[in-house]
1. Please give the number of the condition GLU693 fails out of (1) outside any helix (DSSP H, G or I); (2) of a type in the set (D, E, K, R); (3) touching a residue at least 60 places away in the same chain (Cβ under 8 Å).
2. Across region 294-335, what is the total count of residues that are modelled with pLDDT of 90 or more and more than 19 Å from the chain's Cα centre (by Cα)?
3. Restricted to region 414-437, and to residues that are open to solvent by 50 Å² or more (accessible area, probe 1.4 Å), in contact with a helix residue (DSSP H, G or I) (Cβ under 9 Å, 6 or more places away or on another chain) and of a type in the set (A, V, I, L, M, F, W, C), which residue is modelled with the lowest pLDDT?
4. Assess whether PRO120 counts as being modelled with pLDDT of 55 or more and either open to solvent by less than 50 Å² (accessible area, probe 1.4 Å) or aromatic (Phe, Trp, Tyr) (or both).
5. Could you say which residue among ILE613, ILE571, ILE588 is surrounded by 16 or more Cβ atoms within 10 Å (Cβ to Cβ), without any contact (Cβ under 8 Å) to a residue 24 or more places away in the chain, of a type in the set (Val, Ile, Thr) and part of a helix (DSSP H, G or I)?
6. So which helices (runs of 4 or more DSSP H) are wholly in region 141-244 and hold at least 2 residues that are of a type in the set (Asp, Glu) and farther than 23 Å from GLY311 by Cβ?
7. Confirm whether ALA499 is open to solvent by 10 Å² or more (accessible area, probe 1.4 Å), outside any helix (DSSP H, G or I) and either in contact with a helix residue (DSSP H, G or I) (Cβ under 7 Å, 6 or more places away or on another chain) or on the phi > 0 side of the Ramachandran plot (or both).
Amino acid sequence: MRWPPADGRRVVFLLDASSGLERRFLEQWIVRARPSGVTPAGYDVVAIPPSRRRRAGRVDPRLEATLATGDDPLLAPLRVAWLPPEGDGARAARLSRLLAVGDPRDPGRLRQAQVLRRHPDRCRVVVAEPAPASELRERWRRTGGTDVGHTAGLSEFVARQAALALDRAERRLRGARYKVPRFVEEEIVARPAFRGAVARLARRLGRDDASVTREARRYLREIAASHSPRLIHLAANLIRYMYTRGYGETLHYDREQLAALAALGQRHPLVFLPSHKSNLDSLVLKYALYENGLPPNHTAGGINMNFFPMGALLRRTGIFFIRRSFKDNEVYKLVLRQYVDYLVEKRFPLEWYIEGTRSRSGKLMPPRFGLLAYVVDAYRRGRSDDVLLIPVSIAYDQIQDVAGYAAEERGAAKQAESFGWFLRFVRALRRRYGEIYIRFGEPLSLARALGPPDPGAEPDPDEQSLALQKLAFAVAVRINRATPITAISLVTLALLGTANRALSVDETIVRLRNLLDYVRRRNLPTAGDLGLDTREGVQRALDALVENGVVTCFAGGSETVYLIGPEKHLIASYYRNTIIHFFVNGAIAELALLRAAEDGIADPAAEFWDEAIRLRDLLKFEFFFAEKDAFREELREEVGLHDAQWESRLTEGPGSIDALLRRFRPFSAHRVLRPFVEAYRVVADALEPRPAEAPLEEEAFLRACMALGQQYVLQRRILSPESVSQVLFATALSLARNRGLVDPGAPDLVERRRSFAEELREVTRRVDAIDALVAARHAGLID
């Protein structure tokens, strides 16, 4: 480190020292580094409040005096950086040291003397970029909107700026991992935009500015993350300990892709939007960033996760907590908007689950728009010239939470989060669940999607905006595209299409053959080499499912056979559903071809497209379909995989269409759409006999659907046990409500409910027909 170039100015060193030892160390450096031409009168030393161990108290009065002089001195911040011991060519804060002696990057006063005596190489002087007092005064005026003639608060501002400059300089020594916000409350509250917004809101609410400001500060402390380097290191070590108990040691992701995203994050704020399958999701993404030396994301968490003692610890690692409902709390909404503005403007990376909660079915759930609306609003008002949304798929071979999800689908209550719940979650990781895969989808630019920002726009986080909903939809589609197909997900897809027939390993290979060929022809993403072409690979996947009780194994006969276990169909369907979106269009094409081949169809081609659109509309609450024109193109490509001349064959009559359908490999409707169609049929059958004037109480109706579904399974009126799902019934009810079939008093309600039930029966019959074709193919009756 060198003496700062002063160009004739007096140099004032601002010492950020947490102890007397650090101060003496810095003063000794100043004496050693002072050029021969600089006399002791040519510089001064002023202490600023220690930023590493912040204590209440005023800034040194000498700083105020320095800023009040007219000679415009050069202010040069200094700090001591303590480095961890070097091991294996790197300086890493190991868990044992963090727990035994505290953070090696922030030793206590006694430890400082010991480290300096024994390992002086671990003690470095950090010199931040100096700045003239006049420049800082002007920056303070612009930031705070204060007249240049007033200096109240200037010294506090200069001390904060010195600490932030030292943080930037220290990151060059330690790495980008330490880019975390400091003085969040002070900086946000000092902003003219915050003060102006508070004043306007106070007038609208008929309150005084001071009371609204106090309330806003309280909410800001409730929301904001407060990073601690020690806790970041400690959490990273604990995360690795946790996930490696149940999964492999290596997280599978593309490091070059992550490095490219980090480079983008130097220019624009990044918003990571991962899928949500497990409580490990945010943790493993956090660890992937950590092991690449990247700063932790500011991760939005529900206030339900802010339980003792985990809430305080999570907040120190970058989690910020948001209330589940604050629609009528104007002060809270203002604070959240200001906090998001601050993070976007400072280019701190953000993260939250776009689904809002964990998927209980395995499929990607409909997006929630709340926090995305705040980020879009910040962009529109010019807080950044662009924001990049990063879709993230986090996939697992198996998940320890799935049994709980299945119970909730059958109507069980969700377990409330608590410290006891957390300990049970950690204990459940004692089994082996396979590997974890992280995939980053194509970034989505707000500038490209929404056009340039408008700095003069009024704040308006509009969750009903069509543009916002399209953005969220695009993110969900990109998450799905990036989701890797795992061996477990493909094996469960095959097993769920066997009509509860047990399979040997060789029979499972046969059932997988067309699926694997389809995956390769479409070049779908996979979790590496699936190994399902070999007996060893299939055996490995089946054994993993047996180990966790999803599949039962019977070895008492001439050959060992495997079957999805009793009451385990919802668990198996969870893994299948993680990749189901890749097969939905093919399943729709199969059912549409069956409809086009029926007797009495005057125009089979037109009927094919009409039926495909009807099915798309029927399933629109389950899957992310493209716009209608793009959907038609996707179907053309899908059917074209099996027969390039398929459109001309539609005009040749039922025989040609039937021959076209038999070219499909694999058939998908029976194992992809059956559970949804059957669940919808239960809801339609439950709605049909209800008196048109009777109001519907949702919870009671869903309980009635659960009972009716269980009856249908026993009667074999529905063939898939996974169809009896509270999640599917609730989605079917949403569709019925969307069609105006729920609220009493609607015109022709009885007839339209009857038509809805008949529509579902017709679709079910076609799914049964595909199932019959599958049986015929395996019996050798058709090719």
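1. (3)
2. 7
3. If we take residues in region 414-437 being open to solvent by 50 Å² or more (accessible area, probe 1.4 Å), in contact with a helix residue (DSSP H, G or I) (Cβ under 9 Å, 6 or more places away or on another chain) and of a type in the set (A, V, I, L, M, F, W, C), then ALA416 is modelled with the lowest pLDDT.
4. no
5. ILE613
6. Passing ranges, in order: 154-174.
7. The answer is yes for ALA499.
Residues are listed down the side, and each one gets a yes or a no for (1) outside any strand (DSSP E or B); (2) at positive phi; (3) without any contact (Cβ under 8 Å) to a residue 24 or more places away in the chain:
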position	(1), (2), (3)
GLN257	yes, no, no
HIS268	yes, no, no
LYS277	yes, no, no
VAL284	yes, no, no
GLY293	yes, yes, no
PHE326	yes, no, yes
VAL331	yes, no, no
VAL344	yes, no, no
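The values are calculated or read from the model by the stated rules, or taken from the named source; none is laboratory data. Every value quoted in this text rests on a predicted model; they were computed, and no experiment measured them. Note that each Cβ is placed from the backbone with ideal geometry, even for glycine, and that neighbours are counted across all protein chains shown. All accessible areas refer to the heavy atoms of the entire protein, side chains included, with ligands and DNA or RNA removed. Shrake-Rupley method; radii C 1.70, N 1.55, O 1.52, S 1.80 Å.
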